[in-house]
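Below is one structure, written out as structure tokens; the observations come after it.
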Amino acid sequence: MTFNPQFARIGEILIHLELITEDQLKEALVKQNNFDLKLGETLRKLGYLTENDLLKALHMQLEYEIIDENELLELDSNIVKLIPEPFAVENRVMAIKEEGNSIVVAMPDPENIVILDSLKKILNKPIKPVLIGESTLTDTLERYYKSIRTTSQVEDAVGSFEFVAVDEDENEITVDSKHDADAPVVKLINLIITEAIKSNATDIHIEPLTKETRVRFRVDGALREVMSPPIGLHAGLVSLVKVMSKLNIAERRLPQDGHISLKTTIKSVDVRVSITPTVTGEKVVMRLLDKGEFGFSLVTLGFNQKNQDTFQKWIRRPYGINIVSGPTGSGKSTTLHAALKEIRDIETNIVTVEDPVEYRLDGITQIETNSKIDLTFSRALRSVLRQDPDVVLIGEIRDEETADIAIKFSLTGHLVFSTLHANDAPSTITRMLDIGIPSYLVASSLNLVMSQRLVRMICKHCKSDYVPTKIELDEAGISEEEAKEIKFKKGTGCVHCDNTGYSGRTGIFEMLEVTPEIRKLIFIGANQDDIRNEALKNGMESLHAAGIEKMRQGLTTINEIIKFTVSD
């Protein structure tokens, strides 16, 4: 007997396609009411079915087209906003495009007559439904309606202004006298900060161009342009940021640094402000620091099992120094705070000295340096010594004085954590020697030196096979023979990852354990190549090798490895 999917139930179709088993179907039917979901979504929640497989089965049953996800990357916002956002979100529907006299709408349930009837009244045009997955719809709705909201709010903020170019040096705003001069700028800066927090951005860049102001957010380590307000608003934006961070409004020739504490409806943040004069005007960079409870743990940082076991061993030692090195933005502070979170208990007094305090940890004494009142690292650390500490975190070893205090802490029975700017683990040791610390003190105090980087992970929704070019293989230090054994992956870009091909970041690590052999090399002043060779002999995995392994696992791309590591 021929199988006709149009007269079959969705469970029967899925079994016919061998996408699920009879037992899985029975389990889903039992749990369907508990989840308050349809059968297909219940199977997805149980992990027995992918969204794409469910769409194929629905297509066979209902004969509706499946939306091409590439179409979702560049929708006309004027079409999207034909359906009001509250209705679209509540009823799980989205206007995609015009097709003749009809409007194509994407729905996970294109048979819902009630929603279709309501859409006809809203749009006053014939409706052509197409199938879309639940998660794809959610991300597409968020992406486009967020853009519509943001554009609308920017227009509302600046729409009442009349701009006139007056004094090129001053770049002042001339405002129609009928309007309040402050309200639009206040609205705009609130919008920028709120959208940055929603996007999980770490930094906001507000920079003047020739004809407009460019606003960019740093998300997952990469900058993305989010809006372009008129250049006439730029001076007002900079002035407001200066007022909020208690800086000198009149000073436009010199760099200034300040900070703002903000409470938003989403969360509380500390904003570190840096203002620098450029040839086109003052550029503002704001670093967003979450004041909430620290949410990372060692498990979520990206360690493999060997590295995690090694790190766990050294962070539980009673004394010595553990140093994490890398450039700015490589996740050093995150790793050290995850370590403190791991070892904190009622019996241990943990004290940190930081500039600034980036993460809040309950049960730990955290001190923030303040140069304005001469609360420097060295002064704060001398005070910490009288606070009976067991573990001390020093935000960064910047000079000989701080390094000297850190080493004295470690040699008097304290466990010390700190960071240092260096390219890799062996060069971290030579950097400490360059600062001016005697080699015998470095050799006797160091426990572990770890260098790290953050690489972007491939979006799981648009991950696909990739064939790298000969140039890419050469830059990554991979031979053509090695390349044959690697299944290279790359994100093609989709609505889930804002068309970047990446979603989230993971760490790659180079761990140098200071063994007796390494101590001897440090003591006699060996160069970093000798230290590196000995460490590799003892089993150290280089940053490049760690990156290649992440690539082998399909977590990141060859371009990220080229960008963040140097071949051995």
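The values are calculated or read from the model by the stated rules, or taken from the named source; none is laboratory data. Note that this is a predicted model, so its numbers are computed, not measured. Virtual Cβ from ideal backbone geometry, glycine too; neighbours counted across all protein chains shown. Note: accessible area is taken over every heavy atom of the protein model, side chains too, but ligands, DNA and RNA are not part of it. Shrake-Rupley method; radii C 1.70, N 1.55, O 1.52, S 1.80 Å.
Assign unit charges at the C-beta atoms only (+1 for Lys and Arg, -1 for Asp and Glu), then state the dipole size of the range 80-133 relative to its Cα centre in Debye, rounded to the nearest 20.
Numbers: 7 positive and 7 negative charges, 35 e Å.
Using Cβ point charges on Lys, Arg, Asp and Glu, the range 80-133 gives about 180 debye.
Calculate, for S268 and D399, the FRET efficiency according to 1/(1 + (r/R0)^6) with r their C-beta to C-beta distance and R0 30 Å; round to the nearest 0.05. Let's see the in-between values first.
Details: r = 32 Å, r/R0 = 1.08.
That gives a FRET efficiency of 0.40.
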Over 19 Å between Cα atoms: which of K45/K97; K490/K550; K242/K283 fall into that group? K45/K97
Apply the Karplus curve 6.51 cos²θ - 1.76 cosθ + 1.60, θ = phi - 60°, to the phi angles in the range 325-338 and return the couplings in whole Hz, x for Gly and Pro. 10, x, x, 4, x, 8, x, 4, 5, 4, 5, 5, 5, 5
State the three equivalent ellipsoid semi-axes of the range 427-568, derived from the C-alpha gyration tensor as the square roots of 5 times its eigenvalues, in descending order and whole Å. 36, 16, 11
Taking the alpha-carbon distance from K120 and a cut-off under 18 Å, which aspartates and glutamates remain once sequence neighbours fewer than 8 residues away in the same chain are dropped? E85, E90, E98, E99, D109, E111
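Nearest 5 is fine: what % of DSSP beta bridges in the chain come out antiparallel, could you say? List each step's numbers first, then the result.
On the way: 53 of 83 bridges.
The answer is about 65 percent antiparallel.
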Just to be sure I understand the model, the point goes 7 Å from the Cα along the line to the Cβ. What's the resulting K31 to K97 distance in nm? 3.8 nm
For S444, solvent-accessible area (1.4 Å; no DNA, RNA or ligand), Å²: 70 Å²
If you count only protein heavy atoms and use a 1.4 Å probe, how large is the accessible surface of K313, to the nearest 10 Å²? 90 Å²
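Express as a percent, rounded to the nearest 5, the fraction of DSSP beta bridges in the range 1-148 (both residues included) that run antiparallel. Spell out each step's value before the answer.
Numbers: 5 of 11 bridges.
DSSP beta bridges in the range 1-148 are roughly 45 percent antiparallel.
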Determine how large the accessible area of E51 is when every protein chain is in place; take a 1.4 Å probe and give Å² rounded to the nearest 10. 30 Å²
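The chain: D in µm²/s via Stokes-Einstein (Kirkwood Rh, Cα pairs, 37 °C, 0.692 mPa s)?
Working: Rh = 27.7 Å.
Rounded, D is 119 µm²/s.
In debye to the nearest 20, how big a dipole does the chain give about its Cα centre with +1 on each Lys and Arg Cβ and -1 on each Asp and Glu Cβ?
It works out to roughly 920 debye.
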Given a 1.4 Å probe, how much area per residue of the chain is accessible, in Å²? 50 Å²
Would you compute, for the Cα atoms of the range 322-434, the largest minus smallest coordinate along each principal axis and list the three values in descending order, in whole Å? 36, 30, 29
Over the range 1-98, calculate the relative contact order: mean separation of alpha carbon pairs under 8 Å at least 6 apart, over the residue count, as a percent. 24 percent
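Just want to confirm a number: the relative contact order over the chain, from Cα pairs under 8 angstrom separated by 6+ residues, in percent. Write out the running numbers ahead of the final one.
On the way: 958 pairs, mean separation 50.7, N = 568.
For the chain, the relative contact order is 9 percent.
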Assuming R0 = 35 Å, what is the FRET efficiency of I113 and V299, from their Cβ-Cβ distance, to the nearest 0.05? 0.15
